[in-house]
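**Q** Have a look at the structure that comes next, please.
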Amino acid sequence: MYQETDPTYYLVAGAIWLLFCGLAAILAERFGRSGMIYFFVAALLSPITAFVALLAKGPDTNGLITKLVKIERTHKVCGNCFELVDKRAVKCKHCHSVFLEQEQQEKAA
């Protein structure tokens, strides 16, 4: 006897599949890898395959170091709250501490 399956089952299963694909992409970005590539790998093969591949490869330390070097060229770390702030800033946008003393110390050194 043939029984029809409710189409909402397929919609829910597809939404959950895409959710896990998105989680694989977010995890890949945090590991310093391409989130888009891992999203498509998860969508085509399986999110479990993408998670296993990410855990097997581990973080891309070269990619993370490259990102940090690029950030250091344009940003500085606030001495008060340790947040990244634009190098041209005179005042921290997070804790509102003033950077004039820091600049004077750097010039003196």
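The values are calculated or read from the model by the stated rules, or taken from the named source; none is laboratory data. The model shown is predicted, which means the values in this text are computed figures rather than measured ones. Ideal geometry is used to build each Cβ from the backbone, glycine not excepted, and the neighbour counts take in all protein chains shown. Please note that ligands, DNA and RNA were not included when accessible areas were found on the heavy atoms of the full protein model with its side chains. Shrake-Rupley method; radii C 1.70, N 1.55, O 1.52, S 1.80 Å.
**Q** How high is the FRET efficiency from residue 36 to residue 95, r the C-beta distance, R0 30 Å, rounded to 0.05?
**A** FRET efficiency, residue 36 to residue 95: 0.30.
**Q** Please report, as a whole percent, how much of the solvent-accessible surface of region 1-55 comes from carbon and sulfur atoms (probe radius 1.4 Å).
**A** The C+S portion of the solvent-accessible surface of region 1-55 is 74 percent.
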